[in-house]
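K.L.:
Next up is a structure, given as structure tokens.
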Ligand SMILES: C[S@@+](CC[C@H](N)C(=O)[O-])C[C@H]1O[C@@H](n2cnc3c(N)ncnc32)[C@H](O)[C@@H]1O
């Protein structure tokens with residue numbers, strides 16, 4: 001566990017898989033860029049008080065959002081019990097994970113987020129709700145899914161409103177690619193569910209294309225809204241701008 005905040009790192013080049021034919025998507029993880037990781041005084045106090053309990057500090061392999069590929073998370077040790085495990089990738093301010101953790105105390109939640117103030121804000125939510133079934137890891141999700149999480153150990157993986165990278169010269173930074181789908185397939189148990197949501201039509205199209213092409217999932221490319229997903233500030237902004245919300249699910253084949 002950690003006691004000191006780690007600012008978000010530069011993009012990490014970590015994902016081992018190949019691009020789609022034609023090179024439309026890159027395999028390397030460049031889904032985030034360096035942002036100020038400075039915490040306000042109140043956030044720093046929250047961090048200092050709660051990080052030892054909630055933040056898992058993995059051994060690093062270089063950058064501050066990297067994870068040593070030799071490290072495998074022992075979920076039973078980290079949560080102090082064996083329970084159903086939900087992983088949220090890009091948990092942002094922690095709205096979804098804090099809500100779900102309070103609703104489902106029998107389930108364990110691992111939130112993976114690179115942005116330090118987002119992790120601090122999530123800690124603040126956990127303090128308010130009193131939930132103890134959440135752990136946070138400040139790391140690049142591609143590395144966490146590639147090596148940190150044991151294969152077939154996750155019951156659900158959530159990816160809600162990933163950065164849309166809407167300018168055409170930036171779409172290569174989007175997280176959902178065939179390579180990323182394979183990483184998700186690696187950690188989900190057979191029958192486990194990957195839930196995705198986006199307010200960006202072109203990203204929804206890309207998600208559908210990636211999921212439809214994958215042989216590792218049974219997919220619902222126009223799924224009903226997941227009842228466990230609260231309206232986050234990102235969703236609210238999208239709706240206010242008149243954008244439709246797309247929900248997708250992909251169930252890991254045996
Ligand atoms: C648009 S926000 C959405 C946050 C949240 N899911 C929600 O719906 O409110 C996307 C988040 O993903 C995080 N992120 C982007 N790439 C990531 C990666 N490779 N690993 C972990 N987090 C990442 C960003 O820092 C950001 O907080």
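K.L.:
Please list 109-115, 50-56 highest first by mean number of surrounding beta-carbon atoms within 10 Å per residue.
P.N.:
Per-residue mean Cβ counts within 10 Å order the peptides as 109-115, 50-56.
K.L.:
Helix 41-54 versus the longest principal axis of the chain: what angle, 0 to 90°, nearest 10, using Cα atoms?
P.N.:
Rounded to the nearest ten degrees, it is 80.
K.L.:
Also, I was wondering about something else. Quick check: the angle from helix 178-187's long axis to the longest principal axis of the chain, C-alpha only, nearest 10 degrees?
P.N.:
Value to nearest ten degrees: 50.
K.L.:
In deg cm²/dmol, rounded to 500, what helix-only [θ] at 222 nm does the chain give when every DSSP H run of at least 4 residues adds -39500 (n - 2.57) and the total is split over its residues?
P.N.:
-8500 deg cm²/dmol
K.L.:
With label points built 7 Å along Cα→Cβ from the Cα atoms of residue 166 and residue 107, find their separation and express it in nm.
P.N.:
3.0 nm
K.L.:
At R0 = 22 Å, how high is the FRET efficiency between residue 38 and residue 128 if r is their beta carbon distance? Nearest 0.05 is fine. Spell out each step's value before the answer.
P.N.:
Working: r = 23 Å, r/R0 = 1.02.
According to the calculation, E is roughly 0.45.
K.L.:
Still on this structure, please answer the following. Order 173-184, 36-47 from most to least packed using the mean count of other Cβ atoms within 10 Å.
P.N.:
Sorting 173-184, 36-47 by mean packing, highest first, produces 173-184, 36-47.
K.L.:
Still on this structure, please answer the following. Report for the chain the percent antiparallel among DSSP-assigned beta bridges with both residues inside it, nearest 5.
P.N.:
Percent antiparallel among DSSP bridges in the chain is about 35.
K.L.:
State the extension gain, in nm to one decimal, for the chain segment bounded by residue 220 and residue 49, taking 0.36 nm per residue of separation less the distance between their alpha-carbons.
P.N.:
Result for the pair: 57.4 nm of gain on full extension.
K.L.:
Which FRET efficiency value, to the nearest 0.05, is calculated for residue 253 and residue 227 with the Förster distance at 30 angstrom and r the Cβ-Cβ distance?
P.N.:
The computed FRET efficiency comes out at 0.80.
K.L.:
Another question, if that's okay. Kindly identify region 32-101 as rounded, prolate or oblate by the Cα gyration tensor criterion: order the square roots of the eigenvalues as a ≥ b ≥ c, call it rounded if a/c is under 1.5, otherwise compare a/b with b/c, prolate if a/b is larger, else oblate. Show your work: numbers first, answer last.
P.N.:
On the way: a/c = 1.55, a/b = 1.15, b/c = 1.35.
It is oblate, given that a/c is not under 1.5 and a/b is not larger than b/c.
K.L.:
Given C-alpha coordinates of region 41-252, what is the ratio Rg to Rh with the Kirkwood estimate of Rh?
P.N.:
Dividing the radius of gyration by the Kirkwood radius yields 0.94.
K.L.:
Can you tell which of 63, 80, 92 shows the greatest fluctuation in a Gaussian network model of the chain with Cα springs below 10 Å?
P.N.:
Highest fluctuation among the options: 80.
Rule-based calculations on the coordinates, nothing more; no lab input. As the structure is a computational prediction, the values presented were derived from the model and not from experiment. Heads up, the Cβs are rebuilt from the backbone with ideal geometry, glycines too, and the neighbour counts pull from every protein chain shown.
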